[in-house]
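A.B. asks: Here it is, the structure, as structure tokens.
Readers should treat all values here as calculations from the given coordinates under stated rules, not as data from a laboratory. Note that this is a predicted model, so its numbers are computed, not measured. Glycine also receives a Cβ, built like all others from the backbone with ideal geometry; neighbour counts cover every protein chain displayed.
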Amino acid sequence: MDSIPERYKPLLSKLMEGERNPSMLTEDNVYQEGRGEVLPYIDQILEDHLLPNSRIEGFEHLIELYSRATRGESCLLLVEHYSNFDLPVLHYLLRKQGESGKVIADAIISMAGIKLSESNPVVSAFAKAYTRLVIYPSRSLEIIKKRFKEPGKLYHEIRRSMTINRAAVKKLSELKHSRRLVLVFPAGTRFRPWDPGSKKGVREIASYIKSFENFCLVAINGNILRINPSGEMEDDLLHKDRVIFTASNVYKSEELIQHVKAVHHFKEDKKQELVDHIMDDLEAMHAEAEKQRLADHEAGA
């Protein structure tokens with residue numbers, strides 16, 4: 001298995017035009033529209049590695065969610081996270097559904113961590129293909145606290161994180177009633193098989209659920225860009241696989257909140273319990289879909 005820079009050097013040179021240096025994030029550029037002109041370059045990589053019968057199950061639920069968004073309701077996609085290609089593959093498969101899928105793909109705004117913007121020009125170039133609202137995640141801040149030993153630099157970075165997140169929250173309040181679908185990875189990071197904690201939901205996701213009217217869960221089975229345990233994100237390894245996205249029914253957030261309160265009323269951390277409930281549902285969807293994916297493989301489908 002090769003990394004993207006190893007396998008697609010000529011293609012990357014086209015994709016990265018004007019992206020030689022990762023841009024610094026400020027309060028003025030937290031919202032970034034996708035660069036649709038570079039999608040064909042990324043699509044080529046996806047087409048080389050997605051096996052036949054890669055698909056979206058429950059596409060009708062995404063249509064229903066988008067229909068609610070067009071009526072002015074706030075709508076959230078809560079998606080499992082295994083790979084930096086989760087969003088690109090979902091976006092690609094949506095566009096393969098025809099005009100209705102393309103409209104939904106164009107409506108997605110992904111909540112993205114700052115690392116995608118500033119860590120590496122290759123990673124940044126891929127991320128900028130898709131519309132996103134960039135935040136400074138709490139996990140990133142914990143890493144920063146370990147990295148910056150000088151009190152002055154640490155103070156500056158903490159202030160910067162607060163400024164960025166305030167701007168992102170303000171922009172999100174403007175966007176969520178604008179016929180868009182806001183995509184969030186509730187685990188906050190890609191799942192690492194050697195680290196079970198990487199699949200635990202981030203407590204802050206409860207705030208998204210409480211502030212949106214509707215949501216869909218999306219499980220992911222299959223992965224064409226595997227994490228390289230000994231490398232950085234740009235060193236992730238390409239792999240051919242059948243990828244299946246499974247969308248749940250559309251749910252009302254308030255109904256879930258009341259359900260969790262009733263079932264887990266004895267728990268101390270209500271926010272974490274709400275997120276844990278979401279992660280449990282995603283895991284159950286993932287397990288069921290994996291059975292079907294294995295059955296497809298055995299049947300030669």
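A.B. asks: What are the ³J(HN,Hα) values, in whole Hz, obtained from phi via the Karplus relation 6.51 cos²θ - 1.76 cosθ + 1.60 with θ = phi - 60°, for each residue of segment 45-62 in sequence order, with x given for Gly and Pro?
C.D. replies: Running phi through 6.51 cos²θ - 1.76 cosθ + 1.60 with θ = phi - 60° gives 5, 5, 5, 6, 10, 7, 6, x, 6, 5, 6, 10, 8, x, 4, 4, 6, 5 Hz.
A.B. asks: Is there a quick way to get the dipole size of the chain? I mean about its Cα centre, with the Cβ of Lys and Arg at +1 and of Asp and Glu at -1; what is the value in debye to the nearest 20? Walk me through the intermediate numbers first.
C.D. replies: Working: 44 positive and 45 negative charges, 196 e Å.
That gives the chain a dipole magnitude of about 940 debye.
A.B. asks: Check residue 112: other-chain or 5+ apart residues with amide H under 5 Å from its amide H, H built from backbone geometry?
C.D. replies: 133, 134, 135
A.B. asks: Now for a separate question. Explain nothing, just compute: Karplus ³J(HN,Hα) = 6.51 cos²θ - 1.76 cosθ + 1.60, θ = phi - 60°, for every residue of segment 209-214 in order, whole Hz, x for Gly and Pro.
C.D. replies: Each residue of segment 209-214 in turn: 4, 5, 9, 10, 7, 9 Hz.
A.B. asks: Let me understand segment 156-230 better: what is its radius of gyration from the alpha carbons, and its Dmax, in angstrom?
C.D. replies: 15.4, 42
A.B. asks: If you don't mind, another one. Can you tally the net charge around residue 176? Count Lys and Arg as +1, Asp and Glu as -1, for every other residue whose Cβ sits under 11 Å from the Cβ of residue 176.
C.D. replies: Values: positive: 171, 179, 180; negative: 73, 174, 213.
After counting each charged neighbour, the total is 0.
A.B. asks: Counting C-alpha atoms alone, how compact is the chain: give Rg to one decimal and Dmax as a whole number, in angstrom.
C.D. replies: Cα only, the chain: 19.0, 61 Å (Rg, Dmax).
A.B. asks: Which length gain, in nm to one decimal place, applies between residue 170 and residue 284 when the Cα-Cα distance is subtracted from 0.36 nm times their residue separation? Could the numbers behind the result be given before it?
C.D. replies: On the way: separation 114, 0.36 × 114 = 41.04 nm, distance 3.40 nm.
Full-extension gain reported as 37.6 nm.
A.B. asks: From the backbone phi of segment 74-91, what are the Karplus-calculated ³J(HN,Hα) couplings (6.51 cos²θ - 1.76 cosθ + 1.60, θ = phi - 60°) in whole Hz, Gly and Pro given as x?
C.D. replies: Values per residue, Gly and Pro as x: 7, 9, 10, 10, 9, 10, 4, 9, 10, 7, 5, 9, 4, 5, x, 5, 4, 4 Hz.
A.B. asks: Please identify, among 98, 34, 222, the residue showing maximal mean-square fluctuation in a Gaussian network model of the chain using a 10 angstrom Cα cutoff.
C.D. replies: Judging by the Gaussian network model, the answer is 98.
A.B. asks: In segment 4-299, what percentage of the DSSP-assigned beta bridges are antiparallel, given to the nearest 5? Before the final figure, lay out each step's value.
C.D. replies: Numbers: 11 of 31 bridges.
Close to 35 percent.
A.B. asks: Using amide H atoms built 1.01 Å from N in the peptide plane, name the residues 5+ places from residue 84, or on other chains, whose amide H lies under 5 Å from its own.
C.D. replies: Under 5 Å from the amide H of residue 84 lies no amide H from a residue far enough along the sequence or on another chain.
A.B. asks: Something else now. For a 28 Å ceiling on Cα separation, which of these pairs sit above it: 153/270; 102/252; 96/128; 14/176; 96/171? Don't skip to the end; give the middle numbers.
C.D. replies: Numbers: 153/270 35 Å; 102/252 25 Å; 96/128 21 Å; 14/176 33 Å; 96/171 30 Å.
Beyond 28 Å between Cα atoms: 153/270; 14/176; 96/171.
A.B. asks: What net charge is computed for the residues neighbouring residue 227, neighbours being all others with C-beta under 15 Å from the C-beta of residue 227, Lys and Arg scored +1, Asp and Glu -1?
C.D. replies: On the way: positive: 115, 190, 192, 199, 226; negative: 2, 80, 86, 195, 232, 234, 235, 236, 241.
With Lys, Arg at +1 and Asp, Glu at -1, the net is -4.
A.B. asks: Separate question: Considering only 193, 70, 135, whose Cα is most displaced toward the positive end of the charge dipole of segment 4-299, charges sitting on Cβ of Lys, Arg (+1) and Asp, Glu (-1)?
C.D. replies: Result: 135.
A.B. asks: For segment 186-284, restrict the atom set to alpha-carbon positions and state the Rg and Dmax in Å.
C.D. replies: Expressed in Å, the Cα Rg and Dmax of segment 186-284 come to 15.7, 46.
A.B. asks: Which one, 263, 243, 38, has the greatest fluctuation when you compute a Gaussian network model over the chain with C-alpha springs under 10 angstrom?
C.D. replies: Top of the fluctuation ranking is 263.
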